Amino acid sequence: MTGPAPATGGIPPGPMLSMFDPIHVGIDEFGLPVYIRLIYKNILAAGEPGGGKSGLLNTLAAHVALSAGSRMVLFDGKQVELGMWDAIADEFVGPDLDHAITTLLRLQKVMDNRYAWLRAHRRRKIEPGDGLSVITSIFDEIALYTTVLGTEQQQKQFLSLLRDLVARGRAAAMPVIAATQRPSVDIIPKSLRDIFGYRAAFRCTSTGSSDIILGDGWAHAGFSATDIAPANQGEALLIAEGGIPQRIKVAYLTDTDIIALADHAARTRRTRSAATAAATAAHIA
């Protein structure tokens, strides 16, 4: 019996994860894995310097990088916390507030176009089968863009655009990951904090700062990030919409891990793009 000839050539490697999948972020106090579902939500991380926020940001960035149909936009004033993902980012914004505002305006336009598409198709949100990419924006140190760089007018414009992206980006498959080491009301107004579906409070020096992240009253109820030991980097209180704070230990990637993952993500994306272009050329021929 004869059958079809076996296919020649290998299967091009490609990203196997999805932004619609649950994302592993660490373990809870019982050693069980903790997952979040970032799509249709956003996450805010805050706490004192050295608390472990960058570990959470890089863990989430790794999932974004290794996900199919996924794009990322990075805002990093220090340029080193997220810099190792630069090669696969659509845009990398450093300590330049004009660049940050221009990039947010472009993201806002993409978001408006997606909502026009949803309205035309009588839909409420982007779904996996739509073939549209998930665009994740990651901000390291919001305070640099809202209180340090540029003029007061530019800072207010940046904050307004960020609030719009957080508020409207969810249904458009444009989630936001943001972090700051200055949890205060001038950096994280309640109107901004309350529209983040997930909030992670790393060690704080005051119960007021902890409540600014988690929400009013949680410290009084016994959930305060001041209880986190200074030497226990990566421990945080994580709260989701409608839930109560959960004590977690965030997964940690070394610089070597990040470089290897970023290189692999860049390589698989190039291979996938080349394979797609070759298939398109063959079809046309």
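How would Thr146, Thr205, Thr103, Thr136 line up from fewest to most surrounding beta-carbon atoms within 10 angstrom?
Ranked by crowding around the Cβ, least crowded first: Thr205, Thr103, Thr146, Thr136.
Relative to the longest principal Cα axis of the chain, at what angle does helix 53-65 sit, 0 to 90 degrees, rounded to 10?
20
If you count, for each residue, the other Cβ atoms within 10 Å and average over each peptide, how do 34-44, 114-124, 214-224, 175-185 line up from highest to lowest? Write down the numbers at each step before the final one.
Numbers: 34-44: 19.5, 114-124: 11.9, 214-224: 16.4, 175-185: 21.6.
The densest-packed peptide leads the list: 175-185, 34-44, 214-224, 114-124.
Rank these for me by crowding, His63, His99, going from fewest to most other beta carbons within 10 Å.
Listing His63, His99 from fewest to most nearby Cβ atoms yields His99, His63.
Among Gly77, Gln108, Ala260, whose Cα sits farthest toward the positive end of the charge dipole of the chain (+1 at Cβ of Lys/Arg, -1 at Cβ of Asp/Glu, about the Cα centre)?
Gln108
May I ask you to sort Val148, Val93 by Cβ crowding, counting other Cβ atoms within 10 Å and putting the fewest first?
Exposure proxy ranking, most exposed first: Val148, Val93.
For the range 19-116, what class follows from the C-alpha gyration tensor (a ≥ b ≥ c being the square roots of its eigenvalues): rounded when a/c is under 1.5, otherwise prolate if a/b is larger than b/c, else oblate?
Oblate.
So for the chain, averaging the separation of alpha carbon pairs under 8 Å that are six or more residues apart and normalising by length, what relative contact order in percent results?
On the way: 510 pairs, mean separation 75.6, N = 285.
27 percent.
Go ahead and estimate [θ] at 222 nm for the chain from helices alone: -39,500 (n - 2.57) per DSSP H run with n ≥ 4, summed, over the residue count, rounded to 500.
Only helices count here, giving -11000 deg cm²/dmol.
To test your reading of the geometry: what angle, between 0 and 90 degrees and rounded to tens, separates the Cα axis of helix 255-284 from the longest principal axis of the chain?
Tilt relative to the chain: about 30 degrees.
If you look for lysine pairs in the chain that are eight or more places apart or on different chains, how many of them have Cα atoms under 17 Å apart?
6
When a/c reaches 1.5 or more, the comparison of a/b and b/c decides; with that in mind, is the chain rounded, prolate or oblate per its Cα gyration tensor?
Prolate.
Magnitude of the Cβ-charge dipole of the range 23-249, K/R +1 and D/E -1, about the Cα centre, nearest 20 debye?
Using Cβ point charges on Lys, Arg, Asp and Glu, the range 23-249 gives about 900 debye.
So what's the gap between the Cα centers of the range 100-140 and the range 170-229, to the nearest angstrom?
25
Looking at the chain, send over the antiparallel percent of its DSSP beta bridges, to the nearest 5.
Expressed as a percentage, antiparallel bridges in the chain total about 40.
Pop out the ³J(HN,Hα) list for the range 240-254 in order, Karplus 6.51 cos²θ - 1.76 cosθ + 1.60 with θ = phi - 60°, rounded to Hz; leave Gly and Pro as x.
Along the range 240-254, the couplings run 10, 3, x, x, 10, x, 10, 7, 10, 10, 6, 4, 10, 10, 6 Hz.
Can you tell me which of Val110, Val134, Val250 moves the most in a GNM of the chain? Springs connect C-alpha atoms under 10 Å apart.
Val110
Readers should treat all values here as calculations from the given coordinates under stated rules, not as data from a laboratory. Here the structure is a predicted model, which means the values were calculated and not measured. A quick note on method: Cβ atoms are made from the backbone with ideal geometry, for glycine too, and the neighbour counts reach across all protein chains shown.
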